[in-house]
Amino acid sequence: MGSIPGWQVGLLFGIVSWIAISSILNLTQKIRSLTQPWVSRHVISGTPIALRIQKYHHGSLDAFFSGLSCVVSVPFYTAFLPLLFWSGHGKLARQMTLLMAFCDYFGNTVKDVVSAPRPSCPPVRRVTATEDEKENAMEYGMPSSHTLNTVCLSGYWDFFLFLHSGYLLHYIVTYTQSSDASMQFAGFAMVCLFVGLVGLGRIYLGMHSLIDIIAGLAFGLAILAFWLTFHEYIDDFVVSGQNVTSFWAALSFLLMFAYPTPEIQTPSFEYHTAFNGVALGIVSGVQQTYHQFHHENVVRVFTPQLTLPGFVGRILVGIPTILLVKFCSKALAKWSLPIVANTLGLPIKSTSYIPALTASSSGEKSDEVKQSGYLQKLLFFSQPTSFDVDTGIRLLQYAGLAWSVVDLVPSLFSHLSL
């Protein structure tokens, strides 16, 4: 076994140091006290803009912008990425997954640090057509995650074609060796139009103010620029690096502890934990099976080796399998994590997954924030705080699901000659 690279030790030590320094200096509260009033003023001053846009409300526009929001949402990408892996575009799929995890963590961190409100409803009319949108409305507003994700990742599969935007445009232009200037200009124009429609839709639906959209656009461009600089290094590490799985597991664990505490509990931490688990499962699975299932010469959909009926067969086998693995991973985590916690003497509670622990913690303060603060996280072994076991369960179940997408399911495809 090789030695641990120094940069891995340095990065993990840096995160631990950040947790300690943030706790001692109370950085979250200080940053919030500086940014929240300024953002809140701009949210209020942006209300007339939202009301002017909503003057044109119509049922068809409600449906259009609600559907557009679903297309660029985290659940859509979560459902889309397995199909991209199974279609033979493994490099694009794993890079999109890691970029999605990065965007999700960064965006939700900023939301919960600033803890700025969404536009007041009323007077703004808020349209939440899906359960996902209703949960999104419970988060803080700045930045707009939909805008940020659209700039970095957006694109959808319309049977044969990608809608070129963000990283997808870069990938397609690079790997198809397209040099036609008019096509590149058309793709760029589509990017601008799509991002503009998403931003307009978020204001129209009453989910965000103008300052949220601008922040999402700015952060998205910065993240995209960063990712396009380092994505090849990250991909090389995932497929051929040293201590990949152990390093990523440690990184995932520390990132949960480095997450800031918002003013009130929101779903943002749960979203991050789920996609953090997805990234862990994808990295560990790809690292183990790269040369079998994820190298650059694997068969791709719409080729003689993988026809459309064959791809449909993969979907019919793969989707039930990953759902079964998710169920089993959750059940295993619900059984094992309380045992491990009790063995270590750690007090735990459960918000929803384990009824016995939920009932035992019902006497605690109802407004206690699920994700403990920096200081409580720093003093992990000295504070009598009850730790929410649901976080670990959620991480493990999504890690198991993602692992099955890139390891177990491709093994089934191989055995079934799909």
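Only the coordinates and a few stated rules stand behind these numbers; no lab work does. As the structure is a prediction and not an experimental result, all values here were calculated from the model. Note that we place each Cβ from the backbone using ideal geometry, even for glycine, and neighbour counts take in every protein chain shown.
Would you work out if segment 215-265 is rounded, prolate or oblate? Take a ≥ b ≥ c from the square roots of the eigenvalues of the alpha-carbon gyration tensor; rounded if a/c is under 1.5, else prolate when a/b is larger than b/c, oblate otherwise. Verdict is oblate for segment 215-265. Equivalent-ellipsoid semi-axes for segment 233-362 (Cα gyration tensor, √(5λ), whole Å, largest first): 35, 20, 15.
For the peptides 240-249, 86-95, 222-231, 269-278, the ranking by mean Cβ contacts within 10 Å, running from highest to lowest, is 269-278, 86-95, 240-249, 222-231. Using a cut-off of 30 Å between Cα atoms, the listed pairs K30/K55; K111/K330; K91/K349; K134/K326; K30/K326; K111/K326 include K30/K55; K91/K349; K30/K326 as exceeding that distance.
Stokes-Einstein diffusion for segment 1-87 at 20 °C, viscosity 1.002 mPa s, with a Kirkwood radius from C-alpha pairs, works out to 115 µm²/s.
Among residues other than K334 whose Cβ falls under 15 Å from its Cβ, what is the net charge (Lys/Arg +1, Asp/Glu -1)?
With Lys, Arg at +1 and Asp, Glu at -1, the net is +2.
Let's test the formula: R0 of 41 Å, r as the Cβ-Cβ distance of Q242 and T343. What FRET efficiency results, to the nearest 0.05? E(calc), rounded to 0.05, equals 0.85. Computed over the alpha carbons of segment 255-301, Rg followed by Dmax gives 16.4, 49 Å.
Answer rounded, prolate or oblate for segment 1-151, using the Cα gyration tensor with square roots of eigenvalues a ≥ b ≥ c: rounded when a/c is under 1.5, else prolate when a/b is larger than b/c, else oblate.
On the way: a/c = 3.51, a/b = 1.27, b/c = 2.77.
Oblate shape, in that a/c is at least 1.5 and b/c is the bigger or equal ratio.
The alpha-carbon atoms of segment 75-141, seen along their principal axes, cover 48, 27, 13 angstrom, with the largest extent given first. Of interest is the spacing of the C-alpha centroids, which for segment 284-352 and segment 124-148 amounts to 28 Å.
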